[in-house]
Amino acid sequence: MIRELLTERKLPALKCREEMLDLLQTKEYGILPPKPDKTEWKVEKNALPHGYCAEFCAGKGTVYRVTAEMTLGGKTFSFPFYAAIPNSEGKHPFFVSINFHDAVPDIWMPTEELIDNGFAVLSFCYTSVTSDNNDFTDGLAGVLYEDGKRGPADAGKIAMWAWAAQRVLDYALTLDALDADRCAVCGHSRLGKTALLAAATDERFAFCYSNDSGCSGAALSRGKNGETKDRICHVFPFWFCEDYCAAPADPAELPFDQHYLVASIAPRFVLVGSAEDDGWADPVSEFLSAAAASEAYEAMGLTGLVCEDALPTHDAFLPEGHIGYHIRPGSHYFGRTDWNRLIQFMNHHS
Ligand code: GTR
């Protein structure tokens, strides 16, 4: 059944990782900015604004506010993030969380629960990097582009947020308390798209989690329900490179589809999360993309998605392969169930 559903989508065949990343960057998200020439980390311990540091996660964790101060092409750029690290002994697995908020803890990120499970979390607010709009003079965009003008294959906003997640990883890898072999980049919705791109283009991320990433994220564009390539380009052209939105509306005319993005993470682990009532993101297209990307893993002698020959429903969780998938009841949000699936997936493969 899954094979037939995939055949109907008429997907382009997978290519080698280098070629897929080249297509995705030059024709969809834009080319990621170069690494900074130099970075300094300004670290403040217990720097939460609300004065509850001593009680942070009931004394089980410590929070640091870090500012990444970088030199890039002769210009300077900085953005802040928070690192919440368990106080217990040993090396901790961790998440680089691309976040909609800059509050720590925040209602969408159960920091105490993550720390209780032995995980650290480094979180940054995406708009601290560059605004979520068409202003290419703002933040990192302003550092990269003269007068806010970019070329057709230059980075859009998603590529810039993905780059920032990689800078947070640069810092994480300097810490003895963190386990480089068990690091995940994660995000929800537009930031789920971002997490996939960050992991696809940076082999240091051992795990990736995209939650409800939908259109131009995990979901296949060919045959997709809900949001379409045409629609997303109309409303959010600045998320992508200019060439993506200048390309034909019909995704069948693109030389790639979104399974390239998932497949570019091979041989590393990726968990695709969907929500049953999230028709806009389209769980079936997210699942089929995971299934189609499996071929890249199989070519490496690994298992991709391990599933029955049926579409998963309700609260299915498929953690066995290098590509995992879960769907939960409910709509479009990143909640505790999703975080817990991610923890289970990482523990399963550690
Ligand atoms: C929607 C957009 C989706 C998704 C979502 C979000 O408006 O159409 O692709 O990214 O925003 O990020 O919340």
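One residue alone among A164, A159 is within 18 Å of T67 (Cα to Cα) and either crowded, with 21+ Cβ neighbours inside 10 Å or within 16 Å of the ligand (Cβ to nearest atom) (or both), and that residue is A164. Across the stretch 85-103, the number of residues qualifying as at pLDDT below 95 and crowded, with 24+ Cβ neighbours inside 10 Å comes to 0. Kindly indicate whether S213 is touching a residue at least 40 places away in the same chain (Cβ under 8 Å), in contact with a Lys or Arg (Cβ under 6 Å, 6 or more places away or on another chain), polar (S, T, N, Q) and within 10 Å of the ligand (Cβ to nearest atom). Yes.
Could you check N347 against (1) farther than 24 Å from L5 by Cα; (2) not in a helix (DSSP H, G or I) and say which number it fails? Among (1) farther than 24 Å from L5 by Cα; (2) not in a helix (DSSP H, G or I), the lone unmet condition for N347 is (2). Applying the criterion of at least 2 residues that are of a type in the set (S, T, N, Q) to the helices (runs of 4 or more DSSP H) found wholly in the stretch 240-343 leaves 283-298. Listed here are the helices (runs of 4 or more DSSP H) enclosed by the stretch 123-207 that have at least 2 residues being among the charged types (D, E, K, R): 157-172, 190-200. If you go through the stretch 225-237 and keep only what is under 15 Å from D257 (Cα atoms) and more than 11 Å from the ligand (Cβ to nearest atom), you end up with N225, D230.
Candidates are the residues of the stretch 182-210 that are more than 16 Å from the ligand (Cβ to nearest atom) and without any contact (Cβ under 8 Å) to a residue 60 or more places away in the chain; the one that is surrounded by the most Cβ atoms within 10 Å (Cβ to Cβ) is D202. If you go through the stretch 5-22 and pick out every residue that is more than 18 Å from K224 (Cβ to Cβ) and assigned to a helix (DSSP H, G or I), you end up with 6. Every listed requirement among (1) in contact with an Asp or Glu (Cβ under 9 Å, 6 or more places away or on another chain); (2) surrounded by 24 or more Cβ atoms within 10 Å (Cβ to Cβ); (3) at negative phi is met by G214 save one, (3).
Given the condition free of Cβ contacts under 8 Å to residues at least 24 places away in the same chain and more than 15 Å from the chain's Cα centre (by Cα), answer yes or no: does some residue in the stretch 153-169 qualify?
First, pick out the residues of the stretch 153-169 that are free of Cβ contacts under 8 Å to residues at least 24 places away in the same chain: none.
No, there is no match, as no residue in the stretch 153-169 is free of Cβ contacts under 8 Å to residues at least 24 places away in the same chain and more than 15 Å from the chain's Cα centre (by Cα).
Screening P329, P319, P251, P283 for residues that are in contact (Cβ under 8 Å) with a residue 24 or more places away in the chain, touching a strand residue (DSSP E or B) at 6+ places or on another chain (Cβ under 9 Å) and under 17 Å from L6 (Cα atoms) leaves exactly one candidate, P283.
Is it true that Y244 is touching a Pro at 6+ places or on another chain (Cβ under 9 Å) and of a type in the set (F, W, Y)? Considered against the rule, which asks whether it is touching a Pro at 6+ places or on another chain (Cβ under 9 Å) and of a type in the set (F, W, Y), Y244 comes out as yes. List, please: which pairs have Cβ atoms under 9 Å, are six or more places apart or on different chains, and start with a residue in the stretch 1-23 that is under 10 Å from F256 (Cα atoms) and in contact (Cβ under 8 Å) with a residue 40 or more places away in the chain and end with one that is surrounded by fewer than 16 Cβ atoms within 10 Å (Cβ to Cβ) and of a type in the set (A, V, I, L, M, F, W, C)? These pairs meet every condition: L14/A299.
Could you list, in sequence order, the residues of the stretch 54-66 that are farther than 14 Å from S123 by Cβ and of a type in the set (V, I, T)? Result: T62, single match.
All of (1) away from the ligand (no atom under 14 Å from the Cβ); (2) more than 15 Å from H322 (Cβ to Cβ); (3) out of contact with any His (no Cβ under 9 Å at 6 or more places or on another chain); (4) of a type outside the set (D, E, K, R) hold for S285 with one exception: (1).
Go through the stretch 104-119 and give me each residue that's within 20 Å of the chain's Cα centre (by Cα), over 13 Å from F56 (Cβ atoms) and crowded, with 17+ Cβ neighbours inside 10 Å. Scanning the stretch 104-119 gives W108, M109, P110, F119.
The values are calculated or read from the model by the stated rules, or taken from the named source; none is laboratory data. This structure is a prediction, so every number in the text was calculated from the model and none was measured. So basically every Cβ, Gly included, is an ideal-geometry build from the backbone, and we count neighbours across all protein chains shown.
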